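Chemist: Have a look at the structure that comes next, please.
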Amino acid sequence: MLIGVVGKANVGKSTFFKAATLAPAEIGPYPFVTIKPNRAVAYVKVKCPCKEFNLKCNPRNSPCIDGYRFVPFELLDVAGLIPGAHEGLGLGNQFLDDLRQADALIHVLDAAGATDEKGNPVAPGTRDPKEDVLFLKEEFDFWLQNILIKNFRTKHNQPISLNDVAEKLSGLKIKKEHIVQAEKETGLNLKDIRNWTDDQFLEFAIALRVKSKPMVIAANKCDIQIARENVFRLRKEFPTEIIIPTCSECELVLREAAEKKLIKYIPGDSHFEIIGNLNEKQKQALDFVQKTLKILGNTGVQQVLNEVVLRLLNYIVVYPVEDENKLTDGEGNVLPDAFLLPSGSTALDLAYKIHTDIGENFIGAIDCRTKRKIGKETKLKNGDIIKILVRR
């Protein structure tokens, strides 16, 4: 799974990315700090079954902190967007091409309205963030419209099928079901695609974007009051959007302080505990963060990550083990791994996720909570602990 972090230049995308991953990313108060895309591991936060079974787990692929499991996925931070990106302005072509393989998008928005349309700093409240919500979608839609026109407005008379369209768009991680849904919602017929008008191509592009690149809005800079006021207004104007108030800078301060053992902090929490010796500058920074947490409840960064993976993409977390009684692998590690799987995945899908050989030799599975045997078509639930049975 790959999630793209997108947005206008200089709105805090790289700060969000670094706060979510602690991966190196250049940060600066000016446009186009990010030139090449940054790629690193972020985590979904869920309750670990270790507390439920009163066990101490030995995680390998997914850290467990105080009963919370952090399950990995990939995050991609791309170059900032400016108006006209779909025509190649700024780093537009690079920005959009980098997102071809993204399963979903996190739109980092300057909710304070403190950057103009090109990403230059302005006084908070100068720009209406509503314009940035609209313009990012428009740039993506026009880019996708151009791809559709280039590939399907041809002079050949040979009919175009669903498979033809799906094959051409597979490089954008657009699936057959996305195309079928877009065709149904727009009322457009793929058989007539060569004769579509520009407006019809755009209508279809919008529907495809909504289905294949769903988006969560991280309303950043919400340590500023006007940003919080704007979030309230944006939620009224865009009722179908997931809009989460965030302060990426605060999350980064907390994550780096925790990394240095200065504080105890679990990402997504509403509080932290000072456990190390702080200098005056560190005290001031954490005092500011504390005040922000009291207002926002949390920094919003972990909430955004959870929303995009668990709610928007509807993934579940499953724990494979080899011993259904001790919940261990072959080496005695308790609840060693946690995997993210699309909702509706089966025990057989989990087997293939673990290893191709395990999938090919699958004969059944055991639900470790009920101790009941389940078949290859049994759909898994979030939090399931599963033993895979294989042919020996």
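Chemist: Quick one: is Lys291 assigned to a loop (DSSP other than H, G, I, E, B) and modelled with pLDDT of 95 or more?
Modeler: no
Chemist: I need a count of the residues in segment 344-392 that are assigned to a helix (DSSP H, G or I) and either outside the structural domain of Val334 (by TED's automatic domain parsing) or not charged (D, E, K, R) (or both).
Modeler: To start, the set of residues in segment 344-392 that are assigned to a helix (DSSP H, G or I) comprises 347-354, 356-360.
From what's left, either outside the structural domain of Val334 (by TED's automatic domain parsing) or not charged (D, E, K, R) (or both): 347-348, 350-352, 354, 356, 358-359.
The number of residues fulfilling the criteria is 9.
Chemist: Separate question: Quick one: is Ile266 hydrophobic (A, V, I, L, M, F, W, C) and surrounded by fewer than 19 Cβ atoms within 10 Å (Cβ to Cβ)?
Modeler: yes
Chemist: Is there any pair linking a residue in segment 114-131 that is under 18 Å from Arg228 (Cα atoms) and assigned by TED's automatic domain parsing to the domain that holds Cys222 to one that is assigned to a loop (DSSP other than H, G, I, E, B) and of a type in the set (Asp, Glu), with Cβ under 9 Å and at least six apart or on different chains, and which?
Modeler: Pairs found: Val122/Asp116; Thr126/Asp116; Arg127/Asp116; Arg127/Glu117; Glu131/Glu117.
Chemist: Inside segment 45-62, can you point out the residues that are assigned to a loop (DSSP other than H, G, I, E, B) and surrounded by fewer than 15 Cβ atoms within 10 Å (Cβ to Cβ)?
Modeler: Those that are assigned to a loop (DSSP other than H, G, I, E, B) and surrounded by fewer than 15 Cβ atoms within 10 Å (Cβ to Cβ): Asn54, Lys56, Arg60, Asn61.
Chemist: Hey, another quick one. Just one of the numbered conditions (1) touching a residue at least 12 places away in the same chain (Cβ under 8 Å); (2) in the same structural domain as Asp103 (by TED's automatic domain parsing); (3) of a type in the set (S, T, N, Q) is not true of Ser170; which one?
Modeler: Going through the list (1) touching a residue at least 12 places away in the same chain (Cβ under 8 Å); (2) in the same structural domain as Asp103 (by TED's automatic domain parsing); (3) of a type in the set (S, T, N, Q), Ser170 breaks only (1).
Chemist: Shifting gears a bit: Regarding Gly268, is this residue at positive phi, in contact with a strand residue (DSSP E or B) (Cβ under 7 Å, 6 or more places away or on another chain) and not assigned by TED's automatic domain parsing to the domain that holds Leu22?
Modeler: On the way: at positive phi: yes; in contact with a strand residue (DSSP E or B) (Cβ under 7 Å, 6 or more places away or on another chain): yes; not assigned by TED's automatic domain parsing to the domain that holds Leu22: yes.
Criteria met by Gly268.
Chemist: Among the listed residues Lys387, Lys326, Lys373, identify the single one that is surrounded by 13 or more Cβ atoms within 10 Å (Cβ to Cβ) and within 29 Å of the chain's Cα centre (by Cα).
Modeler: On inspection, the qualifying residue turns out to be Lys387.
Chemist: Tally time: how many residues in segment 238-263 are in contact (Cβ under 8 Å) with a residue 60 or more places away in the chain and exposed (fewer than 13 other Cβ atoms within 10 Å of the Cβ)?
Modeler: Looking only at that region, the number is 1.
Chemist: Can we say Leu96 is under 19 Å from Lys137 (Cβ atoms), at pLDDT below 95 and touching a strand residue (DSSP E or B) at 6+ places or on another chain (Cβ under 6 Å)?
Modeler: Criteria not met by Leu96.
Chemist: Ok, one more. Out of curiosity, is Ala338 buried (at least 22 other Cβ atoms within 10 Å of the Cβ), more than 17 Å from Pro63 (Cα to Cα) and at pLDDT 95 or above?
Modeler: Criteria not met by Ala338.
The values are calculated or read from the model by the stated rules, or taken from the named source; none is laboratory data. Note that the coordinates shown come from a computational prediction; the quantities given were computed from them, not determined experimentally. With ideal geometry, Cβ positions are generated from the backbone for all residues, glycine too; neighbour counts draw on all protein chains shown.
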